[in-house]
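The structure appears right after this line, and notes come after that.
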Amino acid sequence: MNKSFEWDEYYSIVFRIGLVISLAFVLLVFIIFPKEFFYRPYIPKKEVGTVLEQLPPELEQIAEPPPAERPKIAVVSEAQTGEEAEEASKIGKTEFTEIYKKTEETEIPIVPFWKVEVKPKEIYLPKPVYPEIARQLGHEGDVVVEALVDIDGTVADVRILKSSGNPELDKAALEAARQAKFTPAKQRDMPVRVWVSIPYKFRLR
């Protein structure tokens with residue numbers, strides 16, 4: 001216990017002595033070194049002067065150039081006839097390349113359905129017309145169509161998400177999905193495009 005106590009007392013003394021020495025060193029640095037640095041402005045060894053020279057009288061008396069004459073336009077008078085009138089009326093065609101600036105097209109973003117804040121709702125969803133060939137052959141099936149709802153609620157594009165295995169049934173489902181109508185989807189109060197899934201069932205009764 002005595003050794004531990006002596007070591008703690010020795011450590012505290014050494015810490016205090018080191019702190020006093022550090023403060024004394026910092027104060028000594030501030031006293032020795034100047035607080036501000038002064039810079040002397042640069043003074044050239046030789047003075048540089050400007051010399052003004054007068055223009056000779058010949059240059060002062062130079063007259064301004066005469067104004068350019070405008071080109072004369074040929075005018076066909078009533079007195080001119082035949083070849084003279086044709087030659088006077090001929091005007092050279094100016095050829096130049098016109099530069100057209102293409103307007104910038106702003107692409108409307110397509111937002112995933114799960115991320116859209118305001119989901120599109122069905123307004124008009126027509127039933128597909130059962131193909132006569134599939135009806136006669138007794139074909140049935142389920143088709144899932146993915147439709148791209150535009151900012152005005154119309155369908156801009158369609159594609160098969162799940163096929164029925166029958167091309168006639170798939171085609172009928174696509175035709176029906178193109179005529180569908182929805183409420184516009186919104187993201188941050190702005191209309192956006194979004195893909196929606198439309199299932200169709202083809203059953204014979």
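Values in this text are rule-based calculations from the coordinates and carry no lab data. In this text the structure is predicted, and so the values were computed from the model without any measurement. Note that each Cβ is placed from the backbone with ideal geometry, even for glycine, and that neighbours are counted across all protein chains shown.
Brief remarks on what is shown
- The modelled label-to-label distance between Ala24 and Glu132, using points 7 Å beyond Cα along the C-beta direction, is 11.5 nm.
- Taking other Cβ atoms within 10 Å as a rough exposure proxy, Ile32, Ile133 sort from fewest to most as Ile32, Ile133.
- Computed FRET value (nearest 0.05) for Lys119 with Ser163, which takes r as the C-beta separation and R₀ as 22 Å: 0.30
- Listed residue pairs exceeding 22 Å between alpha carbons, taken from Lys171/Lys201; Lys181/Lys201; Lys119/Lys171; Lys127/Lys162: Lys119/Lys171
- HN-Hα J in Hz across the range 153-159 - Karplus 6.51, -1.76, 1.60, θ = phi - 60°, x for Gly and Pro: x, 7, 8, 8, 7, 9, 7
- Simple spin-label estimate for Arg205 and Ser12 in nanometres, 7 Å along Cα-Cβ: 10.0 nm
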